1. If you fit an axis through the alpha-carbon atoms of helix 215-224 and take the longest principal axis of the Cα set of the chain, what angle between them do you get, 0 to 90°, nearest 10?
2. Hey, any idea what % of the chain's accessible area is carbon plus sulfur with a 1.4 Å probe?
3. Nearest 10 degrees, 0 to 90: what angle lies between the long axis of helix 278-289 and the longest principal axis of the chain (Cα atoms)?
4. Hey, rough spin-label estimate for Ile130 and Tyr16, points 7 angstrom out along Cα→Cβ, what's it come to in nanometres?
5. Could you point to the residue in Phe194, Thr214, Ala168 farthest towards the positive end of segment 134-242's charge dipole, with +1 and -1 charges on the Cβ of Lys/Arg and Asp/Glu respectively?
6. Determine the order of Thr208, Thr231, Thr365 by accessible area, beginning with the largest, at a probe radius of 1.4 Å.
7. Hey, what's the per residue convex hull volume over the C-alpha atoms of segment 1-137, in cubic angstrom?
8. Quick one: Karplus J couplings for segment 73-84, per residue in order, coefficients 6.51, -1.76, 1.60, θ = phi - 60°, nearest Hz, x for Gly and Pro?
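The values are calculated or read from the model by the stated rules, or taken from the named source; none is laboratory data. Quick caveat: nothing in here was measured; it's all calculated off a predicted structure. All Cβ positions, glycine included, derive from the backbone under ideal geometry; neighbour counts span all protein chains shown. Keep in mind that these areas ignore ligands, DNA and RNA; they rest on the heavy atoms of the full protein, side chains included. Shrake-Rupley method; radii C 1.70, N 1.55, O 1.52, S 1.80 Å.
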Amino acid sequence: MSGTFNGVKAHILEKYPLAFYIHCTSHSLNLAVSNACSVKSVRNTMGSIQEICVFFRTPKRQHVLEKTIDKVLPSTNKKRLKMMCPTRWVERHDAILVFIELYKAILVALDEISEWEDIHTSSKAKRLMIIIEQPEFIITTHIIGKVFSVSMPLSRQLQTENIDLLTALKVAGDVQKILQRFRGNVVNDFHIEFLKIEQWCQDLNIDTDFKKLTRTQKKLLDELVTSTNKTAEDFYRLKIYVPFLDNFLSQLHDRFIKHHKLLQSFSCILPGYKTHSGTDQDIKYLIDTYQEDLNNSSLVITGELYLWQEKCNEIHVSKSALDVFSECDHMIFPHIHKLLKNLITLPVTTATGERSFSTLKRLKTYIRNSIGQPRLNDLALMNIHRDIKINTDEVIDEMSTKSRRLNFRLE
């Protein structure tokens, strides 16, 4: 798709130079999360959590887990673990947070299953229980949960139907600022997190010594820190927390800020923009980019911009680009109207389109293999646009106008 020479992007840009190739932001976030999890400890922890989720996906084991949850965590409404689905991006965030919430019940359930007579099941339960009691696993899980709790609102926001690209990048920028704040104050921030994890284990009566390191971990710590005052906290911070934050920040920057200059220039035609000397530079960049569409002198367009900014004082700042476009009179502001139209047509995500594809598996099952294309299209539209109310009487009247074996006409 994105090939520079022979990809679909190259062929489209050859005919339409103003078209911008923007990767689906939901896919971009999913790739950013996946690549950020390439840190060895994070990758191993995610794999172990996935293995535990698969382990409890049998009725007998799930029954033990539910019974344990009711006994150990009666206040929670979570009754099962979530798989880290590779396509439903927000599920990966939820999976980690649910696992942390149900950690105590998982540990007790694995301990009970390890006493079963089934050798294969009991030995695997014992092995998983040993894994999740390791200090590195517990610390890594909480680090992932902390970062994912910041990026989860972005994941949910990117899958909404009416989001525009400017809003998507603004939310991504806010997430990036929070993670940069974590990174800038990494020593104090991780120290507080480390103490919280220790207290969390004490509250759950989990006997885990976070101060003790293995021989391999001590060797790695010697390579990372040259001073004599080396602690286990330094190891976990330098080996897990810092690389994970750096990877996440790097991926967010590379995948979301690619067209930042163009999109930043669009902010001069949206509410809340303060007029300053940089306004002329923003509008100049838009004029140079869309000269073929605007087809007028920069002086006329700049004057129209100043008039439009006065109009924006009456528009609520929180409105999306689509709402602002609907309030722009194309007779008074023809050039601003064209620029806003270009902004709202920039693609954001394919999540809605992929939801439409998912409709097919519910409609054309093996039982309905002989369904025709017109009927399939109609059923798909009804399923996708369920918010549109259908008047049964109008449907019957429409069907009655066609020749059918059944008589729908009222005598």
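1. 50 degrees
2. 53 percent
3. Compared with the principal axis, the helix lies near 70 degrees.
4. About 5.9 nm, to one decimal.
5. Working it through, the farthest residue towards the positive pole turns out to be Thr214.
6. Details: Thr208 25, Thr231 70, Thr365 45 Å².
Sorted by accessible area, descending: Thr231, Thr365, Thr208.
7. Cα-based convex hull of segment 1-137, divided per residue, equals 149 Å³.
8. Values, residue by residue: 10, x, 7, 7, 9, 7, 10, 8, 7, 9, 6, 7 Hz.
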